[in-house]
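Read through the structure below, which is laid out as structure tokens, and then see the notes.
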Amino acid sequence: MNIKQLIFIMLFSTAINLSAQNNGVEVGYIHVTEETNGSTVIFPAQVSGIRIGPVSEMELFTNVDFRYGVIYSYLMSVFDGAISGTNYYNAHQIDLPLQLQLNFRVDNALKLFAFAGPNLNFGMLQHTVNRTNVGSAEVKTTYNRYKTDADDDGVYDVNRFDLQLGLGAGAQQNNVQLRVGYNWGLVDLNNRNNISLIRNQLTATLVFMF
């Protein structure tokens with residue numbers, strides 16, 4: 001998937017949103033962890049950020065909705081360099097959640113719900129800039145994770161595309177939702193044979209429906 005295809009998906013989904021039964025804007029918090037060869041690690045340190053995007057809900061059956069959206073996330077972190085200096089990390093990604101949502105109506109203003117489904121994740125950019133002082137000068141080194149080929153086999157080490165399985169719950173009071181969910185990565189993102197890389201993410205968001 002290239003950038004033009006991604007833009008097309010975003011515009012197409014937005015057009016669908018405009019005609020759907022219930023539309024909204026989701027905004028909130030995201031925290032990403034990664035598992036390498038079975039051991040839980042956090043790359044590059046505590047990686048957290050913000051997410052925002054349009055979402056829609058369509059009723060399939062009584063108390064069962066189909067929910068989808070296009071969510072942009074910005075991640076950032078500052079941590080010590082492996083050898084020297086300070087690393088400044090930032091990443092941009094797009095999530096396309098496709099969820100079934102089961103609703104439990106409490107009263108006319110309040111409902112509880114649980115949701116589950118796949119999440120398509122596309123990494124647009126992952127940059128780490130190392131800044132090291134050498135004498136009176138600052139030396140900057142930029143590392144692009146999606147364009148690194150450590151074993152020099154002609155294939156970039158990390159795949160941009162991920163398929164995740166999500167699960168979560170929340171509540172809606174009038175037109176405002178509180179949602180908490182977790183996505184488990186199903187794809188080994190590392191293209192090198194000796195290292196596996198699984199990406200998981202936790203989200204906590206508010207959704208303003210209109």
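Each reported figure results from applying straightforward, stated rules to the coordinates on display, with no laboratory input. All figures in this text were calculated on a predicted structure; none of them were measured in a lab. As a convention, Cβ positions derive from the backbone with ideal geometry for all residues, glycine included, and neighbour counts pool all protein chains shown.
Below, the figures for the structure above:
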{"quantity": "Separation of the F79 and E35 label points, Cα + 7 Å toward Cβ, nm", "calculated": "1.8"}
{"quantity": "Gain in span if fully extended, N200 to L120, counting 0.36 nm per residue against the direct Cα distance", "calculated": "27.6 nm"}
{"quantity": "Segment D151-R192, extension gain: residue separation times 0.36 nm, minus the distance between their alpha carbons", "calculated": "14.0 nm"}
{"quantity": "Over the range 3-209, relative contact order from alpha-carbon pairs under 8 Å, at least 6 apart, %", "calculated": "19"}
{"quantity": "Most to least packed among 82-93, 185-196, 137-148 [average Cβ atoms within 10 Å]", "calculated": "82-93, 185-196, 137-148"}
{"quantity": "Theoretical ellipticity at 222 nm over the chain - DSSP helices of four or more residues, -39500 (n - 2.57) apiece, nearest 500", "calculated": "-2500 deg cm²/dmol"}
{"quantity": "Relative contact order computed over the range 97-210 (Cα-Cα under 8 Å; 6+ residues apart), in percent", "calculated": "22"}
